[in-house]
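First the structure, in the form of structure tokens, and then the observations on it.
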Amino acid sequence: MFIQSAPQVPDLYQVDQPLHAELKRRLPVALISALEPELRALGQDTAGTLLELSSAAEASPPVHVPYDAWGRRVDEIQTSAAWKQLKAYAAEKRLVACAYDADLGAHRRVAQAAKLYLFSASSAIYSCPLAMTDAAARVLLDSEQAELRERLLPRLLSADPECFITSGQWMTERPGGSDVGRTETLARPVLGQSGRFTLHGVKWFTSATTSEMALTLARIDDGVNPTVNGSRGLTLFCVDVRRDDTGQLEGIQVNRLKDKLGTRALPTAELTLDGAPATQIGDPGRGVATIATMLNVTRYYNAVSSASNMAKAVWMAHDYAQRREAFGKVIAEHPLHDQTLAELQAHLHGALSMSLEVAALLGAVENGSATAQEAQVLRALVPLAKLTLGKQVVAVSSEALECFGGAGYVEDTGLPRLLRDAQVLPIWEGTTNVLSLDLLRAEARDGAFSALLLDLSARCEALPEQLELACRSALAKSLARVGAVAQRHANSGDRSALERDARRLALTLGRCAQAVFVGETAAQDADSVARFNLLVRTTLMAPLA
Ligand code: MFK
């Protein structure tokens, strides 16, 4: 009787040649040597400890317990032991804290991104609470709120699981998901306590709801001045999520948990706030601009997570191709399947390289060593990477599932989870369309789209000669085309025509950016040459050309 052997999750550090090539290009040799033991251990855990913990967390999704046995409202969200162990693991490995190590200088975020790339897809998406925790740390560090900073920052960055806390980011309300300006929650001042408020409203989609704190937006209602409508009336607040003496959540009621397509180990809830204690951060009416710092960090995490999910799917498909025999040989030896796997690896490399480029710029900006032009490029590259990789991870995960045949469609193989978990990545933290429009906003306010296009065009000119000439020319032509279409819209002043084209412009620029970054890596890495050629052929040239 024939029984097919199951695909294995390999040691994702050992197997990922693009990651090795990218780190070699982007980090000093001494730093790679210093990081290597941690990356090696993480890679081994992706095939061991993390695999066990993430499977256990998925098998025991969170449960909402509204009342205790005696009828008292308690609103507990019970998570599995494995989910809690993933939190301890993240603290001990300093997955958030390492981005704040001043001695890593401008390399801090690349070092972190390499770890998150290995961790995220193997963590039952514990990377979500980490994203918001890191982003909250960044906001507190930049804020003038010394009390919050001193009380919370050491805990957000702690390596001690007993001390480590996570943060939520409660942005979404019923009237507006993307349209945050429609937020209804009111903030009422606490008499005699400057900067202290209670919040009143409904938060419709709050992830990692077991976090000990959250950053959220509300409209100040002081009973004297009229509240200000729209996003200019919103202020940022930090909520302390705590229980009172009777065991009830202070000013917060959990209405229910969301029943989601994927990310099932991650608690996501609807909340009613009625007196939740909160502290104001930043100036009144500057909430959206202040929380934008947070969004840029969580969008960077989103990009790294997309690359991570792709890596897991692609390397599992690669492993399976060595085991599965069909038509007389293992499927890896069939030219067409081999080509499919090579194309998937080229896309993976493009995604990884783009997320590390974001990490490199973000690290330089946070280190205070970036030029003004680099900061401008980063403003456009964050939404561009988030939207490009969000689309790519769904396509790559779907193609990878096909590599397993029918097994990819059967739940108890665990494989469909790859696709279910990928589908959130283009949605949360700004959909593809919202981020395409954000690129227009970044251009109008900071000239960021033009700065990025100029940067990519100059770098395209300097790509190494060993890359196929036809592919380099196709890349240069695509960049020129993006520039020409953007210029045509700028000249015509037709705003709705520009908005209609925003997504096509963004996705084309995103593909160009990936090709430029992989092409640069090819200067030091022979395998990247073939991946550059394939990436351009399958994205920017007619597939059969
Ligand atoms: C593994 C990965 C884990 C990820 C974890 C995720 C957990 C999920 C938690 C969630 O919260 S999901 C929901 C996330 N929600 C969004 O992402 C909202 C999407 N909507 C937008 O991004 C809209 O574009 C936006 C709300 C920002 C539009 O609002 P406005 O008020 O119409 O924006 P406006 O007036 O253009 O900008 C207000 C200010 O913010 C401006 O500054 P100034 O007043 O100084 O001119 C903008 O420049 C600034 N701004 C907006 N977006 C910015 C930004 N600044 C920098 N970067 C940005 N991206």
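The values are calculated or read from the model by the stated rules, or taken from the named source; none is laboratory data. Computed from a predicted structure; not experimentally measured. Cβ atoms come from the backbone with ideal geometry, glycine included; neighbour counts cover every protein chain shown. In case anyone asks, the SASA skips ligands and DNA or RNA and just uses the protein heavy atoms, side chains included. Shrake-Rupley method; radii C 1.70, N 1.55, O 1.52, S 1.80 Å.
3J(HN,Hα) along the stretch 206-221, derived from phi through the Karplus expression 6.51 cos²θ - 1.76 cosθ + 1.60 where θ = phi - 60°, amounts to 10, 8, 6, 5, 7, 4, 7, 8, 8, 9, 8, 10, 7, 9, 5, 10 Hz, with x in place of Gly and Pro. The distance separating the Cα centre of the stretch 169-201 from that of the stretch 473-519 comes to 38 Å.
Dipole magnitude for the chain: about 1040 debye, using +1 per Lys or Arg Cβ and -1 per Asp or Glu Cβ, origin at the Cα centre.
Computed extension length for T413-T272: 47.0 nm, one decimal, from 0.36 nm per residue of separation with the Cα-Cα distance subtracted. Of the chymotrypsin sites (Phe, Trp or Tyr not before Pro) found in the stretch 64-169, the ones in coil according to DSSP and having at most 14 other Cβ atoms within 10 Å of their Cβ are W70.
Please tell me which of these pairs span more than 20 angstrom C-alpha to C-alpha: K24/K115; K24/K391; K24/K386; K203/K386; K24/K93; K391/K477?
On the way: K24/K115 15 Å; K24/K391 27 Å; K24/K386 24 Å; K203/K386 24 Å; K24/K93 22 Å; K391/K477 23 Å.
Cα-Cα > 20 Å for K24/K391; K24/K386; K203/K386; K24/K93; K391/K477; rest within.
What's the FRET efficiency of M1 with A81 using the Cβ-Cβ distance as r and R₀ = 30 Å, to the nearest 0.05? Working from the Cβ atoms, E equals 0.20.
The simple spin-label model puts a point 7 Å past each Cα toward its Cβ; for A523 and L454 those points are separated by 2.1 nm.
Here the label points at N491 and V202, each 7 Å from Cα along the C-beta direction, are separated by 5.1 nm in the simple model. Largest first and in whole Å, the equivalent-ellipsoid semi-axes of the stretch 166-287 read 23, 18, 11, each the square root of five times a Cα gyration tensor eigenvalue. Taking 0.36 nm per residue of sequence separation and removing the Cα-Cα distance, the E499/L51 pair yields an extension gain of 157.0 nm. Reducing the stretch 392-464 and the stretch 14-79 to their Cα centroids gives an inter-centroid distance of 21 Å.
Note on A34/T227: beta-carbon distance plugged into 1/(1 + (r/R0)^6) with R0 of 60 Å gives a FRET efficiency of 0.70. Positive end of the dipole of the stretch 439-539 (Cβ unit charges, origin at the Cα centre): among V485, L463, Q524, the Cα lying farthest that way belongs to V485. Rounded to the nearest 0.05, the FRET efficiency derived from the C-beta distance between A375 and Q248 at R0 = 45 Å is 0.50. Each principal axis of the Cα atoms in the chain has its own extent, and those three values, largest first, are 73, 68, 44 angstrom.
Computed over protein heavy atoms with a 1.4 Å probe, the carbon and sulfur contribution to the accessible area of the chain reaches 53%. Rounded to the nearest 20 debye, the dipole magnitude of the stretch 439-539 is 480 debye, with +1 charges on Lys and Arg beta carbons, -1 on Asp and Glu beta carbons, and the Cα centre as origin.
Between A462 and R481, residue separation times 0.36 nm minus the direct Cα-Cα distance comes to 5.0 nm.
The 1.4 Å probe gives accessible areas that order E325, E465, largest first, as E465, E325.
In this view, the solvent-accessible surface of V241, computed with a 1.4 Å probe and all protein chains in place, comes to about 30 Å². Using a simple spin-label model with pseudo-atoms 7 Å out from Cα toward Cβ, L257 and S60 lie 1.2 nm apart. In the stretch 166-287, a dipole from Cβ-located charges (positive for Lys and Arg, negative for Asp and Glu) runs towards its positive end, and of V241, T198, T216 it is T216 whose Cα lies farthest in that direction.
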